[in-house]
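**Student:** The following block contains the structure, expressed as C-alpha cells.
The values are calculated or read from the model by the stated rules, or taken from the named source; none is laboratory data. Computed from a prediction, not measured in an experiment: that's the story for all the values here. We place every Cβ from the backbone using ideal geometry, glycine too, and count neighbours over all the protein chains shown. Just the protein is used for accessible areas: all its heavy atoms, side chains included, with ligands, DNA and RNA removed. Shrake-Rupley method; radii C 1.70, N 1.55, O 1.52, S 1.80 Å.
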Amino acid sequence: MVLFILIYGFTKNTNIYDSFINGSKESFKMCIQIFPNLLAMILAIDILINSNILESISKFINYPYEIISMCLMRPISGSSTLAILNNIYSKYGPDSFYGRLASVIQGSTDTTFYVLTLYFGSIGIKKIRYSLIAGLFADLIGIIASIVIVNIMF
C-alpha cells in the first residue's frame, strides 16, 4: 500500500511529504472536533456499565447478563461487543445457544452511535434528523429477528 502511494505520487508529480503533512494537519483538526462526541459516548458507556441496570434486566427477562449487555452495547461500540462475544464463547461455547445468539446479534446489528458520531461529527453535521431513530430501529429489529431465528433454528 505504501509503495502504491509512493508510485502514484511520483507519477502525478506531487510533493508526497507536503501532502502527508497537510493531511496530518487536517486529521488533527478533525480529531479535535470529534473528541467531545467520543468522550460523551465513553462516559455514557461507563455510566451504563456501573449502574448495575444490566443485571436487573437480565434477571427480569431470564437471559444471561452478557447477551443483554451485548444488545445494549452493540449500537454504541463494536469493539466492546466483540469482547463480550469472546466472553460468551469462553463461558458458554461458540456452538451453544447463547454463543449462536450472540453471533447472530453481532452480525445483524451495527454500531449506530459510533457511526453517527464519527461520520456526522467529522464533517460537521449537527442535525442528524431521522438517522438515529432509523439506526436504532434497525438495531432493534436485528436483535428481535436474531432471537426469533436462533430460537427457531437452534
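**Student:** Any chance you could get the radius of gyration and Dmax over the Cα atoms of region 59-102, in Å?
**Tutor:** Cα radius of gyration and Dmax of region 59-102 are 9.9, 27 Å respectively.
**Student:** Computing the accessible area with a 1.4 Å probe over protein heavy atoms, can you report the carbon and sulfur percentage for the chain?
**Tutor:** Percent of accessible area from carbon and sulfur atoms in the chain: 68.
**Student:** Another question, if that's okay. Quote the relative contact order of the chain in percent (integer), defining contacts as alpha-carbon pairs under 8 Å separated by 6+ residues.
**Tutor:** Once normalised by length, the contact order is 20 percent.
**Student:** Anything in the chain that counts as a DSSP H helix reaching 20 Å or more along its axis (C-alpha) with Kyte-Doolittle mean of at least 1.0? List them, would you?
**Tutor:** Counting only whole DSSP H runs, the qualifying helices are 131-153.
**Student:** Follow-up question, since we're still on this one. By accessible area of protein heavy atoms, probe 1.4 Å, what ranking do Ile49, Ile67 get, highest first?
**Tutor:** Ranked list, largest accessible area first: Ile49, Ile67.
**Student:** Per the Kirkwood treatment, what hydrodynamic radius in Å, one decimal, follows for region 1-135 from the mean inverse distance over all distinct Cα pairs?
**Tutor:** 17.9 Å
**Student:** Using a cut-off of 24 Å between alpha-carbon atoms, which lysines can reach Lys126, once sequence neighbours fewer than 8 places away in the same chain are excluded?
**Tutor:** Leaving aside lysines fewer than 8 places away in the same chain, those within reach of Lys126 are Lys25, Lys29.
**Student:** Shifting gears a bit: Only sites in a loop by DSSP and with at most 13 other Cβ atoms within 10 Å count here; which trypsin sites (Lys or Arg not before Pro) in region 1-49 make the cut?
**Tutor:** Hits after loop and neighbour filter: Lys12.
**Student:** Accessible area per residue, 1.4 Å probe, Å², for region 13-91: what's the number?
**Tutor:** Dividing the accessible area of region 13-91 by its residue count gives 67 Å².
**Student:** Kirkwood hydrodynamic radius for region 80-154: how many Å is it when counted over pairs of different Cα atoms? Can you show the working numbers first?
**Tutor:** Numbers: mean 1/r = 0.0730 Å⁻¹.
Result for region 80-154 stands at 13.7 Å.
**Student:** If we restrict to alpha carbons, what Rg and Dmax does region 16-75 come to, in Å?
**Tutor:** 19.1, 59
**Student:** Helix-only mean residue ellipticity at 222 nm, the chain, DSSP H runs n ≥ 4 weighted -39,500 (n - 2.57), per residue, nearest 500. What is it?
**Tutor:** -24500 deg cm²/dmol
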